[in-house]
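Some notes on the structure that comes next.
The values are calculated or read from the model by the stated rules, or taken from the named source; none is laboratory data. Remember, predicted model here, so these are calculated numbers, not experimental data. Ideal geometry is used to build each Cβ from the backbone, glycine not excepted, and the neighbour counts take in all protein chains shown. The protein model used for the area step is the full one, side chains on, heavy atoms only, and it has no ligands, DNA or RNA in it. Shrake-Rupley method; radii C 1.70, N 1.55, O 1.52, S 1.80 Å.
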Amino acid sequence: MEDFGIIVACCASDYLFAKGCCASIRHFLGDVPLALLIDGTFPVDSMEKAYGVKVVNRLNISNKVLRERSFGWGKTKMIGFWESPWKHFMMLDADTMVWGNVLKYANFKDYDMIIDRPCYSYTDKDVAKFFFDIQGVEQHFPDFDWQKYRNNYYCTGAFFGTRDIFTLDEYVEILDFTEKHPEIFKYGEMGFLNFMIFRAVQQGRIKVGQEDLQLLVPDFEQQEIRKRFPMETSGPILEDETATAIHWCGPKPTLATSKVYADPMSFFRRKYLSEAEGLTGLPAELSLQLEDFQRFLNVYKGKLRRRLAASKK
């Protein structure tokens, strides 16, 4: 594809998984152009050198509104719609990895976006939990027929998009609205991005295709995940033409976890250390354990800050 690349959004606390994600991209997709969309400041020199990634951060965002208002959980990925290095892109959360040729879903000839196709229907309770407060949307956006698209809403951890399909003014209106009404749209950008997408579809402004391009790990039993994504010491075992983005959107795939099947991510984290930093064996294992411990500290500190902030209200 021309003018296309993959963007991995990350911050300091999930950069350890972004390394594995990028290693999986190189393994399955070769030299497809790569970018890191970074919230924060931390060194990524080894990634740039090993995988030739572009870096998008506060220092090189040209638009002041995006630079000042679109970094942080639930907003960083939105920057890609206006400042992606490529016209067409695939956006991935850091806690994902690709398995197989996911680029077969990138049908930009017919669509402006290609998003995941949910494998189940949503009740009103599901919509209200994962996407938006129904009464709030009906009150503030009465022209939006949310019912029409209720079973199309998706987890925004993986999708294909096109730059500038939304106006920046529309996004600013959403930012202003979420600041005034933080209780209406759920889970960061997941609620309001689904709203923006399907409102634009309803108005005939964009065309959206849906494919089975993402697997949400919490939706399946661990044993089923193991069977679907078998691993050997030498790497993934591709038994068919399965192509998907594995998304650990619940418990994270740290090295020693027993909560989820983490072998694919662990393999690619090790692969990154070997290819980018020349670490194998015991030094690599110690490095991975240190990354996991640092992540634990960052998550704990974040929770503590939020509790302190809540106690002052």
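Against the empirical 2.2 N^0.38 Å (N residues), the stretch 1-135 has a Cα radius of gyration ratio of 1.12. The Rg/Rh ratio of the stretch 135-204, with Rg taken over Cα atoms and Rh as the Kirkwood radius over Cα pairs, comes to 0.92. Estimated at 0.36 nm per residue, the fully extended path between L282 and K109 surpasses their Cα-Cα distance by 57.5 nm. When a/c reaches 1.5 or more, the comparison of a/b and b/c decides; with that in mind, is the stretch 1-42 rounded, prolate or oblate per its Cα gyration tensor? Note, shape of the stretch 1-42 comes out oblate.
Taking the empirical scaling 2.2 N^0.38 Å for compact globular proteins as reference, the stretch 154-313 has a Cα radius of gyration ratio of 1.32.
Between helix 263-277 and the chain there is an angle of about 70 degrees, using the helix long axis and the longest principal axis of the Cα atoms.
Taking 1.306 mPa s as the viscosity and 10 °C as the temperature, the Stokes-Einstein diffusion coefficient of the stretch 179-221 based on its alpha-carbon Kirkwood radius rounds to 125 µm²/s. Approximating the spin labels as points 7 Å out from Cα along Cα→Cβ, the L290-to-E138 distance works out to 5.6 nm. Hydrodynamic radius of the chain by the Kirkwood approach over all distinct alpha-carbon pairs: 20.3 Å.
Residues of the stretch 199-227 with the amide nitrogen closer than 13 Å to a label point 7 Å from the Cα of F130, along Cα-to-Cβ, please. Only 214-220 pass the distance filter. Each Lys and Arg contributes +1 and each Asp and Glu -1, all at the Cβ; summed about the Cα centre of the stretch 238-313, the dipole is approximately 1140 debye.
Work out which GluC sites (Glu not before Pro) in the chain are exposed loop sites (DSSP not H, G, I, E or B, at most 15 other Cβ within 10 Å) and give the longest gap free of them. Result for the longest clean stretch: 3-182. Taking the DSSP beta bridges with both ends in the chain, the antiparallel portion is around 35 percent. Within a straight-line Cα-Cα reach of under 16 Å, K227 can be paired with the following aspartates and glutamates, leaving aside sequence neighbours fewer than 8 residues apart in one chain: D219, E239, D240, E241, D263.
The loop-placed trypsin sites (Lys or Arg not before Pro) in the stretch 207-266, going by DSSP, include none that has at most 11 neighbouring Cβ atoms within 10 Å of its Cβ. Rolling a 1.4 angstrom probe over the protein heavy atoms with all chains in place gives the stretch 1-82 an accessible area of 42 Å² per residue.
DSSP assigns beta bridges within the stretch 31-187; of those with both partners inside it, close to 70 percent run antiparallel. For the stretch 101-158, applying the loop criterion from DSSP together with a ceiling of 13 other beta carbons within 10 Å to the trypsin sites (Lys or Arg not before Pro) yields K109.
For the stretch 59-71, backbone phi angles converted through the Karplus equation (6.51, -1.76, 1.60; θ = phi - 60°) give residue-by-residue couplings of 6, 10, 6, 7, 7, 5, 4, 5, 4, 8, 10, 10, 10 Hz, Gly and Pro being listed as x.
Averaged per residue, what accessible surface does the stretch 165-298 expose to a 1.4 Å probe, in Å²?
Values: 6780 Å² over 134 residues.
For the stretch 165-298, the per-residue accessible area is 51 Å².
Over the chain, Cα pairs under 8 Å with separation of 6+ residues give a relative contact order of 23 percent. Using R0 = 25 Å, the C-beta based FRET efficiency linking R228 and R117 works out to 0.90.
Accessible surface of the chain, 1.4 Å probe: 49 percent of it comes from carbon and sulfur atoms.
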